[in-house]
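> Before anything else, here's the structure in question.
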Amino acid sequence: MNLVTAPRPSPETRRTVDRLSVESFATRAEMGAAAAADIAAALAGRLARQSGVRMVFAAAPSQADMLKALCAAPGIDWSRVAAFHMDEYIGLPPSSPARFGNWLDEHVFSRLPFAAVHRITPEPDAAAEVRRYCDLLNEAPVDFVCLGIGVNGHIAFNDPPVADFNDPADVKIVELDDICRQQQVDDDCFPDLASVPHRAVTLTVPRLMRADRLFCVVPGAVKRLAVSKTLYGPLSTECPASVLRIHEACTLYLDKDSDPDA
């Protein structure tokens, strides 16, 4: 059966910075549609040659356009895809809509028939959950990671004060810096800074970088400085996302607002 799909939007510009592929689109919607098309194509290709796929999702409003388009992509056998998420707050009630697991349930986990959905559940023992989640991740290779970049340059909850490009851990408990916490307020995920938890469980930088392919979706003017540091600053934990420049298969998707060269 031939499935009719909308054409993949074309970027206004393409460039490469070190090993990092960068595509910049006129609109946020086009950026999300293009990223989703590439992820769907990668999934179809991988499922054609192996029995299953394991992928990690970021939870953030910046990912919503991509996830909406990905959920609508035809022809993907989601029953052979196992889903993980990359970070979770410590200290929020299980029913809180601000929990990343709940956000992902709304935007992707409940919308697709995954083979399995592995949620980070810090209660009642966050240290034990770190060990459990690490073991789950290490049962087999991770194929794909869908991620974003924070206003402080973080990837997952690896903020500059805690990011470690040579971290011996795969999953860890971190203290969130105030720039990261304020971003959650500015994203309308919390009413005020006092409501944002101080601690979280996160996948580490090396754990993310070991995935075969990374798809990094970063829209919005508030991310422009972080993108500039990612692309043109030193390779440093002062901007943790700068490490993406050395991954062998990472694409960064921007819109005109987030692209420092637009």
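> So, for the chain, what is the accessible surface per residue at a probe of 1.4 Å, expressed in square angstrom? Could you put the intermediate results ahead of the total?
Working: 11180 Å² over 262 residues.
Here the per-residue accessible area is 43 Å².
> Also: Using a probe of 1.4 angstrom, how much of the accessible area of the chain is carbon and sulfur, in percent? Walk me through the intermediate numbers first.
On the way: 5850 of 11180 Å².
Ligands and nucleic acids excluded, carbon and sulfur give 52 percent.
> Same structure again: Could you list log10 I(q)/I(0) for region 137-255 at q = 0.13, 0.20, 0.21, 0.23 Å⁻¹, which the Debye formula gives when each Cα is one point scatterer?
Evaluating at q = 0.13, 0.20, 0.21, 0.23 Å⁻¹ gives log10 I(q)/I(0) of -0.49, -1.15, -1.25, -1.43.
> Given charges of +1 on the Cβ of Lys and Arg and -1 on the Cβ of Asp and Glu, with all other atoms neutral, how large is the dipole of the chain about its Cα centre, in debye to the nearest 20? Can you show the working numbers first?
On the way: 26 positive and 35 negative charges, 162 e Å.
Roughly 780 debye for the chain.
> Take region 216-262, drop everything but the C-alpha atoms, weight them equally and run the Debye formula without solvent; then report log10 I(q)/I(0) at 0.28, 0.29 Å⁻¹ to two decimals.
So the normalised log intensities work out to -1.07, -1.11.
> Can you give the Kirkwood hydrodynamic radius of the chain from its Cα pairs, in Å with one decimal? Kindly include the intermediate steps, with their values, before the conclusion.
Values: mean 1/r = 0.0543 Å⁻¹.
For the chain, the Kirkwood estimate is 18.4 Å.
> Just tell me, in residue order, which DSSP H segments of the chain are both 20 angstrom or longer along the helix axis (alpha-carbon based) and at least -1.0 in mean Kyte-Doolittle hydropathy.
Numbers: long enough: 28-47 (28 Å, 0.76).
Taking the DSSP H segments of the chain (at least 20 Å long, mean hydropathy at least -1.0), we get 28-47.
> Over the Cα atoms of region 35-164, how large are the radius of gyration and the largest Cα-Cα distance (Dmax), in Å?
Every Cα atom of region 35-164 included, Rg and Dmax give 14.8, 42 Å.
> May I ask what percent, to the nearest 5, of DSSP beta bridges between residues of region 1-101 are antiparallel? If you can, show how the numbers build up before the last one.
Working: 5 of 10 bridges.
So the antiparallel bridges in region 1-101 amount to around 50 percent.
> In debye, nearest 20, what is the charge dipole magnitude of region 44-140 about its Cα centre with +1 on Lys and Arg Cβ and -1 on Asp and Glu Cβ, if you could check? Could the numbers behind the result be given before it?
Details: 10 positive and 11 negative charges, 83 e Å.
So the magnitude is around 400 debye.
> Solvent-accessible area of PHE109, probe 1.4 Å, all protein chains present, reported in Å² to the nearest ten, please.
Here the accessible area works out near 10 Å².
> Something else now. Under Stokes-Einstein, with the Kirkwood radius over Cα pairs standing in for Rh, what whole-number D in µm²/s applies to region 17-108 at 20 °C and 1.002 mPa s?
On the way: Rh = 14.7 Å.
Once the numbers are plugged in, D ends up at 145 µm²/s.
The values are calculated or read from the model by the stated rules, or taken from the named source; none is laboratory data. Keep in mind that what you see is a predicted model, and the values were worked out from it rather than measured. Note: ideal-geometry Cβ built from the backbone for every residue, glycine included; neighbour counts use all protein chains shown. Remember, those area values only see protein heavy atoms, side chains included, never the ligands or the DNA or RNA. Shrake-Rupley method; radii C 1.70, N 1.55, O 1.52, S 1.80 Å.
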